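Beneath this line is the structure, given in structure tokens, with notes to follow.
What follows draws every value from the coordinates through simple rules; no lab data is involved. All figures in this text were calculated on a predicted structure; none of them were measured in a lab. Note that we place each Cβ from the backbone using ideal geometry, even for glycine, and neighbour counts take in every protein chain shown.
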Amino acid sequence: MFELDIHREFSAAHSLRGYNGDCANLHGHNWTVQVFIQSEKLDEIGIAMDFKILKKELDAVLGELDHKNLNEHPHFKNTNATSENLAMYIYQRLKPAVNLPGVRLSRVRVCESPSSGASYFE
């Protein structure tokens, strides 16, 4: 089994509705996103999935979020844009793009700081 991963960053603001503390106020993060792919085999030139394709798909999703107030994004109008919910959202958006035989999206990790993050997988 092979595992690939890519890493990207974006900056965005959010506030946590219903939270009792400072994070209820609008604040920002420099978020990091890691996407992990698993593959049972490699193609004829030794690649599980082209990094360029995966990066392009992730960049399209992050383009909706970068330098935005996440609470104004349609998906997060009624759902807090926590690391957990962002990881699940990005996973669900990327899953259809990872459609090669024997290749699967294994998890997405979103970190709001170098010491705090969450992963989503199915």
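Remarks
- All positions within region 67-103 that are assigned to a strand (DSSP E or B) and out of contact with any Ser or Thr (no Cβ under 6 Å at 6 or more places or on another chain): Lys68, Asn69
Every residue, every condition in (1) exposed (fewer than 14 other Cβ atoms within 10 Å of the Cβ); (2) closer than 20 Å to Ser119 by Cα; (3) not charged (D, E, K, R), yes or no:
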| residue | (1), (2), (3) |
| --- | --- |
| His14 | no, yes, yes |
| Tyr19 | yes, no, yes |
| Asp43 | no, no, no |
| Ile53 | yes, no, yes |
| Leu65 | no, yes, yes |
| Phe76 | no, yes, yes |
| Arg93 | no, yes, no |
| Ala97 | no, yes, yes |
| Arg104 | no, yes, no |
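- Only one entry of Asn30, Asn80, Asn85 meets the criterion of being surrounded by fewer than 13 Cβ atoms within 10 Å (Cβ to Cβ) and either touching a Gly at 6+ places or on another chain (Cβ under 8 Å) or over 26 Å from Phe2 (Cα atoms) (or both), and that entry is Asn30.
- Test: residue in region 15-32 that is among the acidic types (Asp, Glu) and over 15 Å from the mean Cα position of the chain (by Cα): yes
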